[in-house]
1. Taking Cα pairs under 8 Å and at least six residues apart, what relative contact order does region 152-301 come out at, in percent?
2. If you fit an axis through the alpha-carbon atoms of helix 149-168 and take the longest principal axis of the Cα set of the chain, what angle between them do you get, 0 to 90°, nearest 10?
3. Multiply the residue gap between residue 316 and residue 273 by 0.36 nm, knock off their C-alpha separation, and tell me the result in nm, one decimal place.
4. Can you tell me the 0 to 90 degree angle between the C-alpha axis of helix 53-74 and the longest principal axis of the chain, rounded to 10?
5. First check a/c for region 86-159, with a ≥ b ≥ c the square roots of the eigenvalues of its C-alpha gyration tensor; if it is under 1.5, answer rounded, and if not, answer prolate when a/b is larger than b/c or oblate otherwise.
6. If a/c stays under 1.5 just call it rounded; otherwise compare a/b with b/c (prolate if a/b is bigger, oblate if not). Do that for the chain, with a ≥ b ≥ c from the square roots of the Cα gyration tensor eigenvalues.
7. Quick one: if you stick a label point 7 Å off each Cα along the C-beta vector at residue 307 and residue 25, how many nm between them?
8. Highest mean first, what order results for 242-248, 20-26 on Cβ atoms within 10 Å?
Ligand code: NAD
């Protein structure tokens with residue numbers, strides 16, 4: 001960004017960047033609104049000790065834009081936004097600080113809706129909720145969707161099925177060899193779905209106790225965490241860390257499909273190009289892992305939270321993935337680029353509808 005904020009805002013078409021300062025509570029941060037064409041800007045609140053203020057601003061800008069694409073491609077009627085608090089989440093949190101943030105968010109009157117992110121907890125969201133209704137990722141008793149990892153796992157599973165149909169011509173994962181890296185909140189449920197479907201599962205996790213327990217529960221094999229990607233697999237599912245598809249691992253992959261929940265799976269975009277050239281079908285991470293947020297934000301729809309509607313919306317990630325595969329094939333571009341196109345086209349087409357509405361209003 002090189003300190004040229006307006007140049008950056010213009011380049012990526014940002015709407016707003018708000019600076020937050022509260023001397024009383026020590027709150028210092030920013031709220032970034034990228035695009036509200038599809039709905040209010042929504043995205044979590046990150047609390048982090050940034051090396052400098054520019055890093056914090058840049059992080060908020062980058063993450064907000066990522067949310068625009070995530071919602072747009074996943075068919076969610078929300079725009080992209082993000083809040084960043086500059087500070088150490090271990091030592092600098094207080095009730096006053098989050099209440100202050102809640103008041104700032106409330107002042108925006110629904111233009112921005114916050115939620116959980118790195119460095120913030122459900123407890124912090126409950127505190128923000130005391131000051132504003134514009135919060136997602138809340139427990140059920142606070143009007144939220146509660147635990148969402150299983151819905152993230154459901155969208156991973158749906159994207160796997162769409163990819164398997166394309167690659168192997170099957171509509172079930174029965175008998176396919178699937179490797180899951182990381183069996184935490186999301187990975188555990190991915191394994192559960194796979195076991196119900198009759199896949200041959202291998203799992204890996206740095207937590208030895210956990211990996212053993214999950215293997216026993218679902219009859220899965222265990223592999224070393226840093227070797228699982230190199231196994232002779234049909235599907236590799238990264239559900240632990242980012243940047244697992246990198247210069248080194250890419251040479252060792254034998255799978256035909258990659259679909260997992262981890263954020264930022266491609267170390268660099270060139271790795272997405274390489275997967276495409278190698279004939280490995282990649283379910284873009286922000287599509288495969290959209291389930292939790294799709295389910296969580298259902299309560300923002302007219303009539304409030306509806307569990308069944310939320311589940312059905314998560315299951316539609318299957319169709320979204322099919323659409324991405326179609327764009328990728330027709331336009332001969334890797335799937336990670338096809339997902340971006342899908343998002344951009346949806347925003348552009350809804351944007352047209354918005355303009356139409358304005359024109360009608362003027363003529364009345
Ligand atoms: P989690 O912390 O519950 O689970 C992660 C698991 O990965 C843990 O069991 C951990 O021991 C294991 N792990 C860590 N390093 C590892 C390594 N090198 N090799 C193998 N295993 C390793 O986290 P989660 O909520 O299950 O999320 C998993 C990933 O999915 C994260 O990248 C997260 O950002 C992403 N994600 C999660 C959600 C959600 O709904 N929880 C939504 C979107 C994206």
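Read-outs: derived from the displayed coordinates by stated rules, not from any lab. Worth saying up front: this structure is predicted, and the values here are computed from it rather than measured. Don't worry about glycine lacking a Cβ; one is built from the backbone with ideal geometry, like all the others, and counts go over all protein chains shown.
1. Value for region 152-301: 27 percent.
2. That works out to roughly 50 degrees.
3. 12.9 nm
4. Long axis of 53-74 versus the principal axis of the chain: about 60 degrees.
5. Details: a/c = 2.11, a/b = 1.56, b/c = 1.36.
Taking the square roots of the gyration eigenvalues as a ≥ b ≥ c, region 86-159 is prolate.
6. On the way: a/c = 1.67, a/b = 1.40, b/c = 1.19.
Note, shape of the chain comes out prolate.
7. Rounded to a tenth, the inter-label distance reads 3.3 nm.
8. My ranking of the peptides, most packed first, is 242-248, 20-26.
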